[in-house]
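Quick note: the coordinates plus some simple rules give every number you see, no bench work behind them. Only a predicted model underlies this, so the values are computations on that prediction, with no experimental measurement involved. Here the Cβ positions follow ideal geometry from the backbone for every residue, glycine too, while neighbour counts run over all protein chains shown.
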Amino acid sequence: MKKRSRFILSILAFGYAFLYIPLASVIFYSFNDSRLATVWGGFSTRWYGELLRNDQVLESAFLSLRIAFTVATLATIFGTMAGMALSRFGRFRGRTLFSGMITSPMVMPEVITGLSLLLLFVSLQQLIGWPAQRGFGTITIAHTTFAMAYVAVIVQSRLSAMDESLEEAAMDLGGRPLRVVFDITLPLIAPAMIAGWLLAFTLSLDDLVIASFVSGPGASTLPMLIFSKVKLGVTPDINALATLIILFVSTGVLIAWWVSRRAQRQSG
């Protein structure tokens with residue numbers, strides 16, 4: 001029994017090390033004084049100052065954060081509606097097709113998704129003159145298209161495991177369906193919606209392939225900028241920016257964990 005527990009702990013430690021040592025190395029080298037990103041030259045915070053003076057990186061970072069926030073919000077709204085339709089509306093006509101259309105972006109290669117959306121935007125521009133240029137709007141639409149699929153799956157799984165008797169009791173007491181949704185259903189699935197929002201935010205912030213197809217001049221997201229810099233060599237200010245993003249995302253995860261834990265205590 002002890003050997004088995006040691007083996008499990010070893011596998012767990014290896015898994016955590018595999019995931020978090022690269023992140024720790026990025027944080028460590030963000031305080032590097034050397035101009036070479038991977039050569040230690042002493043402790044310094046100079047690159048955080050350089051980051052604040054790098055307008056190109058800051059503009060790309062702010063653009064990515066704006067897109068990710070908008071995408072996560074839209075994907076959560078549409079994904080929750082789709083998940084509720086699949087879980088609560090029973091066997092309606094076209095359910096199989098609807099379910100397949102919702103989940104297909106999850107398995108579709110990003111190259112195909114990006115190319116198809118690019119052709120769509122180009123065709124719309126020729127037909128109706130919209131979009132006038134590719135940038136924030138087209139990237140947001142493209143990211144929402146595939147991010148809402150993940151939210152729908154998460155919400156559907158939560159609704160399938162939820163006891164429907166609470167909603168039925170609320171309607172028996174005179175609650176209208178829409179009122180029941182806002183007063184009963186949404187509060188119960190709030191942890192799943194928060195998890196879906198965070199996942200959609202991360203997927204949008206991390207995407208490179210699709211954004212490369214649907215972006216235009218002057219609309220480079222942070223992954224696109226970093227990828228272009230890799231060809232010439234990553235500068236240490238990128239490590240500083242990555243550290244700030246890790247701190248930002250970690251704070252969001254901790255807040256979501258606290259909200260989810262509080263909701264579970266209140267429901268329990």
Handout entry: Degrees, to the nearest 10: 55-88 long Cα axis against longest axis of the chain
Key = 20
Practice task
Using a Gaussian network model of the chain whose springs link C-alpha atoms within less than 10 Å, name the residue from Thr221, Thr103, Thr45 with the highest mean-square fluctuation.
Solution key: Thr45
Handout entry: Ser250/Phe92 FRET efficiency (R0 45 Å; Cβ-Cβ; nearest 0.05)
Key = 0.60
Exercise for the section: Report the label-to-label distance for Ala132 and Ser5 in nanometres (one decimal), using points 7 Å from each Cα along the Cα→Cβ vector. Expected result: 6.8
Handout entry: Mean Cβ neighbour count within 10 Å, used as a protection proxy, ranking 227-239, 172-184 highest first
Key = 227-239, 172-184
Problem - For segment 212-245 and segment 2-33, distance of Cα centres in Å - result: 26
Practice task
Could you tell me how many degrees, from 0 to 90 and to the nearest 10, lie between the Cα long axis of helix 236-267 and the main elongation axis, the longest principal axis, of the Cα atoms of the chain?
Solution key: 20
Handout entry: Hull shadow area, averaged, the chain [alpha-carbon convex hull, nm²]
Key = 20.8
Practice task
For n ≥ 4 DSSP H runs only, could you compute -39500 (n - 2.57) per run for the chain, divide by its residues and tell me the 222 nm figure to the nearest 500?
Solution key: -25500 deg cm²/dmol
Exercise for the section: Give the long-range amide H neighbours of Asn32: residues separated by 5 or more places, or on another chain, with amide H under 5 Å away, using H modelled in the peptide plane at 1.01 Å from N. Expected result: Ser44
Fill in the blank from the handout: Rounded to the nearest 10, the angle in degrees between the Cα long axis of helix 95-107 and the longest principal axis of the Cα atoms of the chain comes to 10
Practice task
Taking only Cα atoms and a 10 Å spring cutoff, compute GNM fluctuations for the chain and point out the largest among Leu65, Leu124, Leu222.
Solution key: Leu124
